[in-house]
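Data block below; observations after.
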Amino acid sequence: MAFQVSKLATRVSLSNSVGLISSAENRCPSHVKSVSKFAQSLTERSFHTLCSAGKGLLRSQMVFPKTQWEKVSTASISLLSLKPRGSIRVALGAVGLSAAVIATLHTGTLLAMSERTHLNLHSPNTDWKESKNQLCSMDRENRRKVYKDYIPLEKILVWTPSGDSFCSPHCKPNEELNKKISLFCGDITKLEIDAIANAANKTLLGGGGVDGAIHRGAGPLLRKECATLNGCETGEAKMTGAYGLPARYVIHTVGPIVKDLVGKREEQALRNCYYNCLHTATKNHLRTVAFPCISTGVYGYPPDQAVEVALKTVREYLEENHEKLDRVIFCVFLKSDKELYEKRLSAYFPQACRPVSDIS
Ligand code: ADP
């Protein structure tokens with residue numbers, strides 16, 4: 001664990017949204033005098049970002065010196081619910097910031113959703129099947145009343161190699177396949193697509209990192225549905241509804257844990273994760289899928305090796321099944337992962353060489 005933590009601590013060149021979390025949290029112990037004030041000062045949008053980017057919190061917990069983190073945790077938290085005045089409001093009373101605060105604030109977002117749609121996604125007592133069916137039968141316009149913060153597919157650019165990203169190709173150029181690939185840097189929980197893959201653990205009951213962000217964004221019904229699935233083995237994939245998220249479904253997969261070196265077993269398991277997620281998507285007629293960098297966080301798979309497995313598996317799957325998928329999005333969260341994908345995409349999705357006469 002200590003090894004993993006130090007590994008993570010060295011990889012804190014985070015993307016913008018993580019930066020927001022980190023800086024907010026780092027300021028917390030010394031600067032936040034009153035959480036109420038802090039809450040007021042956040043816009044709803046940045047608040048939502050805080051709620052959904054769970055990695056930041058866990059990671060901060062890991063990189064904080066122990067005493068400082070204890071200060072944050074112990075200085076925290078009591079939550080006072082004010083009497084509803086027309087709409088339900090949640091006020092924070094006390095100092096500090098913790099997972100409990102973030103989770104409860106997110107409940108506030110879900111409460112607001114339910115007011116607009118009559119869907120009670122925030123309550124663990126709600127029947128998840130009924131809500132899932134209701135959500136599945138809603139058109140996009142109505143679903144957008146449930147999740148107001150989203151990135152539609154049209155805003156996710158198709159990948160095109162930039163000048164300095166060319167490398168020797170591993171595959172033949174295929175423009176049809178290239179059009180189906182995107183590299184997106186940001187929070188996977190915001191994507192309004194058919195399915196997002198979740199780097200889950202074997203219980204499927206939620207955890208840290210991207211898993212935590214997905215469960216917070218989806219709300220408690222996701223955990224309820226996951227609890228019916230009997231967990232998931234490494235490399236397998238299981239699908240659920242996405243509830244409060246803009247995606248329609250979540251495909252949960254469990255990546256391999258790498259302790260020292262990557263062996264054949266770990267490589268095959270990671271390959272199975274990508275393959276089984278894609279297979280689950282196409283079997284269910286889902287045409288747009290996003291992947292986080294499975295196993296490269298707490299599970300310790302070296303990102304520079306994981307990228308090769310991810311790109312190779314997706315390329316091979318697309319070659320066989322291109323008519324079943326419109327877009328596969330590699331959703332990276334860290335600047336370092338973005339750079340890795342930018343560098344390696346050209347190897348698996350090379351551009352066709354243009355005849356010299358075409359180059360002006
Ligand atoms: P694992 O346990 O499989 O290693 P982690 O969640 O720890 O899973 O990390 C997997 C990857 O997900 C990491 O590259 C991490 O940076 C990334 N990640 C964390 N939060 C998000 C998010 N909200 N959206 C997209 N990627 C994320």
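The values are calculated or read from the model by the stated rules, or taken from the named source; none is laboratory data. All values derive from a computational prediction rather than experimental measurement. Cβ sites come from the backbone with ideal geometry, for glycine too, and all protein chains shown count toward neighbours.
Values for this structure:
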quantity	calculated
Hey, ALA306 small (Gly, Ala, Ser) and modelled with pLDDT under 95 or not	no
For ILE257: the one exception among (1) surrounded by fewer than 17 Cβ atoms within 10 Å (Cβ to Cβ); (2) hydrophobic (A, V, I, L, M, F, W, C); (3) more than 14 Å from the ligand (Cβ to nearest atom)	(3)
Some residue of segment 201-215 being more than 14 Å from the ligand (Cβ to nearest atom) and within 24 Å of GLU342 (Cα to Cα)	no
Any hit, segment 145-157, residues being at pLDDT below 95, under 17 Å from the mean Cα position of the chain (by Cα) and surrounded by 22 or more Cβ atoms within 10 Å (Cβ to Cβ)	yes
Residue pairs meeting the criteria (Cβ under 7 Å; at least 6 apart or on separate chains; first of a type in the set (Lys, Arg), in segment 239-258; second assigned to a loop (DSSP other than H, G, I, E, B) and within 14 Å of the ligand (Cβ to nearest atom))	ARG248/ALA242
ARG287, sole failed condition from (1) touching a Leu at 6+ places or on another chain (Cβ under 9 Å); (2) within 22 Å of GLU176 (Cβ to Cβ); (3) buried (at least 24 other Cβ atoms within 10 Å of the Cβ); (4) not aliphatic (A, V, I, L, M)	(3)
Selected residue [within 16 Å of the ligand (Cβ to nearest atom), under 20 Å from CYS185 (Cα atoms), β-branched (Val, Ile, Thr) and within 17 Å of the chain's Cα centre (by Cα)] from VAL309, VAL328	VAL328
Any chance LYS190 is at pLDDT 95 or above, more than 16 Å from the ligand (Cβ to nearest atom) and in contact with a strand residue (DSSP E or B) (Cβ under 9 Å, 6 or more places away or on another chain)	no
Given (1) over 11 Å from the mean Cα position of the chain (by Cα); (2) in contact (Cβ under 8 Å) with a residue 12 or more places away in the chain, index of the condition ASN230 fails	(2)
Given (1) within 23 Å of HIS285 (Cβ to Cβ); (2) away from the ligand (no atom under 11 Å from the Cβ); (3) under 17 Å from the mean Cα position of the chain (by Cα), index of the condition GLU225 fails	(3)
Failed condition for GLY209, given (1) without any contact (Cβ under 8 Å) to a residue 12 or more places away in the chain; (2) among the small types (Gly, Ala, Ser); (3) within 27 Å of ARG144 (Cα to Cα)	(1)
Condition check for ASP194: more than 15 Å from ILE294 (Cα to Cα), out of contact with any Phe, Trp or Tyr (no Cβ under 6 Å at 6 or more places or on another chain) and among the acidic types (Asp, Glu)	yes
